[in-house]
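What follows is calculated from the coordinates using simple rules that are stated; it is not laboratory data. This one's a predicted model, so the numbers in the text were calculated from it and none came from an experiment. Neighbour counts are summed over all protein chains in view; Cβ atoms, including those assigned to glycine, are modelled from backbone coordinates with ideal geometry.
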Amino acid sequence: MNGFWSLVNFEYKKILRKRSVQITLLLAILFTVFSVAGTLFGSYYVDGKPYESNYDAMVKDRTYARALAGRQLDGELIMETVGAYSGIPKSDGKYFDTEEYQKLARPYSGIYSIVRPVFNTYSRRFNMEDFQVLTKEQADQFYITRRAQQEQLVEQTHMSAKAKEQVLALDARIKTPLTFSYTDGYTRFFVLINTLGLTAAFVMAICVAPLFSGEYVSGADQLILASKHGKNKLIAAKLFTGFSLAAVICLVLIALSYGLSMGIFGADGSNAPLQLYEILLPYPLTMGQTALLLVLCTFFACLMTAAITMLLSAKLKSPFGVIVLVGVLLIGPMLGRISHTNIVQYNLYRLFPTQMANFSSAVNSIQYELLRLVVKPYVFLPLFAAAVSVLLTPFVYRSFKNHQIV
């Protein structure tokens, strides 16, 4: 066993000593830091003059949201918000620039952003002017209207009757009225998770691509495959190195992103309902639970990418070719979009690594259906990625083991 860990240690040193890998890892960390804090740079301008910095705006909105935290989002709070927005004069759409918005309505902007989507229709977008004349009856029936919207959205999908029933049953478990909370730390993390997954997977590919193909380039494959441990322990050590390095890179970047999001924007709202971020989502989850599920989806997507990378590395003779192909696999699906009207294509599309590491994929209301089972996407995606990783591992092993020495 000591021999195995010595081989793993050797593989790690061989990878991490490369200047290109060190620079890549450093750039990934810097990019992650910038991604989290990037929205706080710059200022908001009114009439060509800076009104407030983005950081000051975040602090102000956080103070306003925390002042409302703990209140039930019911008809009373909605009408209180309507009253605040009613003070905004008619404008050409730039009501954010008005003094009335800044003094009266802005403290309730968090409530407005939650309520407005419920009253949207396919034919008309519910705007600020509509909100100003919202009636008490409409406010009191907010959750009834939301449920009707949910039923309509689910019915318009092409899921089976069983899947539709399950989604609506999940939605019925959401405790209403919702309790408002400040959640921007979590919502920032949700927004970043897709970029984070892409970054982790691509950095991992750069590090792991030479794991097998680099031996072909250097000619070391002849020595490895002819050695005592070349066809068993050393290949196993390489596989362990690839998967463990992918796991470490992914977890470090996730921890960095999560820690910065909570530290900069605030860690409030762990137990707040997910619907404060997306009011029409049907899952009875908290923000903290959702963050954990997104981490799991991203983590296993990265492991699946590592398995694919190592398989390509074992088959191709150039690390550069491996990186190019993995780059296409990661970036290609992000350049297009598949309509959810075709359930099969849409669900297959979400199985690409960068789509797995996506908020809208993990908590989408469209379920996976397999052998009469209905599986929630945030359960199916990591299980699928884990299964693919396990299934590809023997192929990686055999591809390198059976490599013909020239």
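Things worth noting here:
- Sites residue 127 and residue 375 - FRET efficiency at Förster radius 35 Å, r taken between beta-carbons, to 0.05: 0.40
- For segment 1-69, the spread of Cα coordinates along the three principal axes comes to 66, 33, 9 Å, biggest extent given first.
- The chain: relative contact order as a whole-number percent, Cα under 8 Å and 6+ apart: 20
- Proximal lysines relative to residue 94, as straight alpha-carbon distance under 27 Å, when same-chain residues fewer than 8 apart are discounted: 49, 60, 103, 136
- Sequence-distant lysines (8 or more away, or on other chains) whose Cα lies within less than 25 Å of residue 14: 228, 231, 233, 238, 315, 317, 401
- In this structure the amide hydrogen of residue 52, modeled in the peptide plane, comes within under 5 Å of the amide hydrogens of 44, none closer than 5 places in sequence on its chain.
- Taking Lys and Arg as +1 and Asp and Glu as -1, the other residues whose beta-carbon sits under 15 Å from that of residue 270 total 0.
- Stokes-Einstein diffusion for segment 70-172, with the hydrodynamic radius set to the Kirkwood value over Cα pairs and evaluated at 37 °C in a medium of 0.692 mPa s, equals 216 µm²/s.
- Percentage relative contact order, segment 70-172, counting C-alpha pairs under 8 Å, at least six apart: 30
- Cα convex hull volume per residue for segment 272-406 (Å³): 124
- The 3J(HN,Hα) values that the Karplus relation (6.51, -1.76, 1.60; θ = phi - 60°) gives for segment 24-31 are, in residue order, 4, 5, 5, 5, 5, 5, 5, 5 Hz. Gly and Pro appear as x.
- Prolate/oblate/rounded call for segment 324-369, Cα gyration tensor, a/c under 1.5 rounded: prolate
- Here the extension length gained between residue 158 and residue 4 equals 50.3 nm, from 0.36 nm per residue of separation less the Cα-Cα distance.
- Taking the chain, the Cys residues with no second Cys beta-carbon under 4.7 angstrom are 207, 297.
- Using a Förster distance of 41 Å, the FRET efficiency for residue 60-residue 137 (Cβ separation, nearest 0.05): 0.80
- Proximal aspartates and glutamates to residue 162, defined as alpha-carbon separation beneath 13 angstrom and excluding residues fewer than eight positions away on the same chain: 369
- Global geometry of segment 262-304, whether rounded, prolate or oblate, following the gyration tensor of its Cα atoms and the 1.5 cut on a/c: oblate
- Options 213, 115, 23, ranked by Cα towards positive dipole end of the chain, top entry (Cβ charges): 213
- Only DSSP H runs of four or more residues enter the estimate; each adds -39500 (n - 2.57), and after division by the residues of the chain the mean residue ellipticity at 222 nm equals -20500 deg cm²/dmol.
- Net lengthening on full extension, residue 45/residue 267 (0.36 nm per residue, minus Cα-Cα): 77.1 nm
- Rg/Rh (Cα only; Kirkwood hydrodynamic radius) as it applies to the chain: 1.06
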